[in-house]
Amino acid sequence: MKKTRPPETIRPRRAQPGKNPSQTGRPVPAGRALPTRRPTATARHPARPDPAAKPDRLLEMALDLFARQGFDNTTIDEIVDAAGFGKGTFYRYFPNKDRLLDRLLDDHFARLADAVVGAVTVDRPLPANLLAGIRAYVAVMRADRRLCQIIEELKVRRANDFLKRLHRACTPPYVLLCTAIQGEIKAGRFRPVKPDLFLTSLLGAVQLLVFREFKHGVPVPDADLKQVLSIMLNGATRHP
């Protein structure tokens, strides 16, 4: 017959890795809490999104929908469905769809201002500064292609608003370029043109080229930008 130890002499088994001591028979010292597993995200209980990322996700989903089906044809319900949030989350950050668009525009013109300010300097002649400025402008338009399509869609309704935002965002380089044009006029090299009208016309011509690129998928070569600038400068230059 197999001998067994008396019950009082049986030693409890050691806890195995990954198991709760209470499941292995090992006594838990008084006053010590049982270890608990840290909850992890599962398909049934997904991880909650970071609250700080919610407005950014709403902006991204809205921008995608606006570009694909138009601003007017996109509803708030579609935006929150695409973002995976409830409607209350939308109104927590934006009172309506127009304010969300304003946020997208603010971000766009801030990027545009940074690019143009970095391109235009005081130690370069006017033609070189103008070329650097429109190159920076085109680069931001290409990077923000979806938003530029929305701007094109709403240009009739909000043309004045877009122009004010552009001037406000690019005030430092705008003032620098206007001052340079005034200097050319005083020196007799330019005709008495209005500097703000000259710059607005130049940007308008560049925008037409870029929107044609968006429509037909054919990149605008740098030579075309130079030609547009040459035409504008030739029209403003006083010839003997």
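Bear in mind that the values in this text are calculations on the coordinates, not laboratory data. Just so you know, these numbers come straight off a predicted model, no measurement behind them. No Cβ is skipped: glycine too gets one built from the backbone with ideal geometry, and neighbour counts run over all protein chains shown.
Once phi is turned into θ = phi - 60°, what whole-Hz ³J(HN,Hα) does the Karplus curve with 6.51, -1.76 and 1.60 give for every residue of the range 106-116, x standing for Gly and Pro?
Residue by residue, the range 106-116 yields 4, 5, 5, 6, 5, 5, 5, 4, 4, 5, 6 Hz.
What residues from the range 167-205 fall in the zone where the backbone N is under 16 Å from a label point 7 Å along the Cα-to-C-beta line of ASP224?
It comes to 203-205, nothing else.
Determine, from the Cβ-Cβ distance of ARG68 and ARG238 and an R0 of 45 Å, the FRET efficiency 1/(1 + (r/R0)^6), rounded to the nearest 0.05. Please report the intermediate quantities before stating the final value.
Details: r = 49 Å, r/R0 = 1.08.
Given R0 = 45 Å and the Cβ-Cβ separation, E is 0.40.
Whole angstrom only: what separates the Cα centroid of the range 68-128 from the Cα centroid of the range 162-240?
Going from one Cα centre to the other spans 24 Å.
Mind listing the long-range amide H neighbours of PHE190? Cut-off is under 5 Å, sequence gap 5 or more, other chains count too, H placed in the peptide plane at 1.01 Å from N.
Those lying under 5 Å, H to H, from PHE190 are ILE185, ARG238.
If I model a spin label at LEU208 and ARG146 as a point 7 Å from the Cα along the Cα→Cβ vector, what separation in nanometres do I get?
Rounded to a tenth, the inter-label distance reads 2.9 nm.
Run the numbers for THR121 and ASP196: contour at 0.36 nm per residue of separation, minus the present Cα-Cα distance, in nm.
Once the chain is fully extended between THR121 and ASP196, it gains 25.2 nm.
Could you grab the relative contact order for the range 98-236? Cα pairs under 8 Å, six or more apart, rounded to a whole percent. Don't skip to the answer; put the middle values down first.
Details: 89 pairs, mean separation 38.0, N = 139.
Worked out over the range 98-236, it gives 27 percent.
Between CYS178 and ALA53, what is the FRET efficiency for a Förster distance of 30 Å, r being their Cβ-Cβ separation, to the nearest 0.05?
Details: r = 41 Å, r/R0 = 1.36.
The pair CYS178/ALA53 has a calculated efficiency of 0.15.
Within a 10 angstrom radius of the beta carbon, how do SER230, SER201 rank from fewest other beta carbons to most?
SER230, SER201
Need one number: nm distance between label points at THR171 and ARG189, each 7 Å from Cα along Cα→Cβ, rounded to one decimal.
If labels sit at THR171 and ARG189, their model points lie 2.8 nm apart.
Quick one: of LYS194/LYS215; LYS54/LYS87; LYS87/LYS155; LYS186/LYS226; LYS54/LYS164, which pairs are farther than 23 Å apart, Cα to Cα?
LYS194/LYS215; LYS87/LYS155; LYS186/LYS226; LYS54/LYS164
Which three extents, in whole angstrom, do the alpha-carbon atoms of the range 197-240 cover along their principal axes, largest first?
On the principal axes, the range 197-240 reaches 42, 21, 10 Å in Cα extent.
Straight-line reach from LYS97: which aspartates and glutamates have Cα under 17 Å away, leaving out those fewer than 8 places along the same chain?
Those aspartates and glutamates meeting the cut-off are ASP56, GLU60, ASP64, ASP72, ASP77, GLU78, ASP81, ASP106, ASP107, GLU153, ASP161.
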